[in-house]
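So the structure is just underneath, and the comments pick up after that.
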Amino acid sequence: MKVLLLGAGGFIGVNLTERLLRDGVHDVTAVDIEEEKIDHLIKDPDSKLTYLHLDISKDEEQVDALVRDTDIVVDLVAVANPSLYVESPFEVYDLNYTQNMKVVDQCRKYKKRLIQFSTCEVYGITAAKAAEQFGLSSKTHPCPFAEDETPLIMGPVKNHRWIYACAKQLLERVLDALWKTEGFQFSVIRPFNFVGPRIDYLPSECGGGNPRVFSHFMDALLYGNQPIKLVDGGEAYRAYTYIDDAVDCMVRIIEDKGGNCEGQIFNIGTPENELTIAELANKMCDMFDEKFRQEGDPPRPEIVSISGEEFYGKGYEDCDRRIADITKARTLLGWEPEHDLDSVIYNTMKYFVDEHRKKQAAGQVAVAAGV
Ligand code: NAD
Ligand code: UGA
């Protein structure tokens, strides 16, 4: 099968590309506008990857031709970083909905199957939080969240955090409408906090920025330039999934051997791997001390609390809790995540530490202050 991956140079994309190349079953064409994470595959002389530097917003003709010539399209392109949801909300809507709709239309034109990446953020907040904030009843809102049953609850428009989830939700709704009205072939994936190699950059190596939480905490552990900051005390819960487990589920959806993925939305998550962000911070500090600490590393970082508004800007609101109900992936795909919480965190930390040690050995890391 010919597989076209759009946004293949991102965290999920590069891990999926690596797996598909390793399997060697399908022809893989990868598209992105950033090569940093996928460079090792592009430059590998033995790799069978076809890579094209194309922007889905601007290079419509070339992308159109790729869609025409493929069997299946996997669309991962998005702004997927919460700091940008409040900083550049229109850009988030434009890329995550309008530009992605161009890909939908290209798939419709050539009758190609589309696997669209959405997000667990479409579920928004739990009814328990809504009840507390808006005086609603929390009796009926379940968590774990189920794809076809759980209502999607979001905060006010002024809280731009929700524009990401809203744009993704609208895209999902359009896809389902097209399936119903014209039999358009699609599957949607809702990832629940994947972590693993190549997730995000470290701010100390890139002159700042605001990546996802794991990179912030690793930055504090490896560079000691900042304390670990817990947004609003780190009371929010997340359930982490190791990227290899997630990729395994994605491959099952791409291959659809049981022929039952059409028109389906799939949660991909690991319900058992839940903890609060404050617990994550302490666990990472303990694990670093126990498994990775070397002479010359900065001291164990201080853990402080910071308000969401101060950390992200006005318009930030958090998802309080999100656990995937993965009954559908288990039943239709026979998929089961294999990594427990400790191995998810250990493997991801090991990736960052190994990269850091390589840089240290090459003299690319300044010795931590005060050590
Ligand atoms: P990512 O930011 O690492 O990857 C997105 C990729 O899209 C980047 O490499 C980026 O360069 C590329 N891109 C952006 N604009 C483009 C354009 N105009 N043309 C071509 N490529 C462009 O994000 P990720 O974590 O790999 O997420 C992939 C998808 O999964 C996204 O749709 C995201 O919303 C969704 N998702 C991810 C997670 C997670 O746990 N990582 C969770 C929920 C949803
Ligand atoms: C992210 C992004 O929205 C998307 O990539 C994706 O849709 C989703 O994860 C996902 O992976 O499923 P979120 O989990 O809120 O959403 O993003 P993180 O930056 O990983 O934050 C997790 C939690 O840690 C939040 O409560 C945040 O406030 C907190 N946080 C973040 C801190 O306490 N300290 C930090 O330094 C950074």
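Pick from segment 225-261 the residues that are more than 14 Å from ligand 2 (Cβ to nearest atom) and of a type in the set (Gly, Ala, Ser): which of them is surrounded by the most Cβ atoms within 10 Å (Cβ to Cβ)? Per the criteria, the residue is GLY258. Residues considered: ASP75, ASP69. Of these, the only one that is among the acidic types (Asp, Glu), more than 22 Å from VAL213 (Cα to Cα) and within 16 Å of ligand 2 (Cβ to nearest atom) is ASP75. With respect to the conditions (1) closer than 26 Å to LEU333 by Cα; (2) buried (at least 23 other Cβ atoms within 10 Å of the Cβ); (3) within 16 Å of ligand 2 (Cβ to nearest atom), LEU175 lacks only one, and its number is (3).
Residues of segment 49-61 that are without any contact (Cβ under 8 Å) to a residue 24 or more places away in the chain, surrounded by 15 or more Cβ atoms within 10 Å (Cβ to Cβ) and more than 14 Å from ALA8 (Cα to Cα): ASP59 alone. For segment 73-87, the criterion of a residue being modelled with pLDDT under 95, over 14 Å from LYS168 (Cα atoms) and hydroxyl-bearing (Ser, Thr, Tyr) is satisfied by at least one position.
Against the numbered list (1) touching a Pro at 6+ places or on another chain (Cβ under 7 Å); (2) within 14 Å of ligand 1 (Cβ to nearest atom); (3) closer than 18 Å to ILE265 by Cα; (4) not acidic (Asp, Glu), THR150 comes up short only at (2).
Would you please name the residue that is nearest to GLY10 (Cα to Cα), looking only at residues in segment 65-89 that are more than 11 Å from ligand 1 (Cβ to nearest atom) and among the small types (Gly, Ala, Ser)?
Looking at residues that are more than 11 Å from ligand 1 (Cβ to nearest atom) and among the small types (Gly, Ala, Ser), I get SER83.
Summed over segment 194-217, residues that are within 22 Å of PRO301 (Cβ to Cβ) and either in a helix (DSSP H, G or I) or within 11 Å of ligand 2 (Cβ to nearest atom) (or both) total 14. THR140 meets the conditions (1) away from ligand 1 (no atom under 16 Å from the Cβ); (2) modelled with pLDDT of 95 or more in every case but one. The failed one is (2). Residues that are crowded, with 20+ Cβ neighbours inside 10 Å and not small (Gly, Ala, Ser) were ranked within segment 301-317; the one that is farthest from the chain's Cα centre (by Cα) is PRO301. Look at segment 346-371: where a residue is charged (D, E, K, R) and surrounded by 12 or more Cβ atoms within 10 Å (Cβ to Cβ) and a partner is modelled with pLDDT under 95 and in a helix (DSSP H, G or I), sitting 6+ places away or on another chain with Cβ atoms under 9 Å, you get LYS359/GLU205.
From the set of residues in segment 309-324 that are touching a strand residue (DSSP E or B) at 6+ places or on another chain (Cβ under 6 Å) and more than 16 Å from ASN81 (Cβ to Cβ), which is nearest to ligand 1 (Cβ to nearest atom)? If we take residues in segment 309-324 being touching a strand residue (DSSP E or B) at 6+ places or on another chain (Cβ under 6 Å) and more than 16 Å from ASN81 (Cβ to Cβ), then ALA324 is nearest to ligand 1 (Cβ to nearest atom).
All conditions but one from (1) within 16 Å of ligand 2 (Cβ to nearest atom); (2) buried (at least 24 other Cβ atoms within 10 Å of the Cβ) apply to LEU5; the one that does not is (1).
The values are calculated or read from the model by the stated rules, or taken from the named source; none is laboratory data. Predicted, not measured: the structure shown is a model, and the values here were computed from it. So basically every Cβ, Gly included, is an ideal-geometry build from the backbone, and we count neighbours across all protein chains shown.
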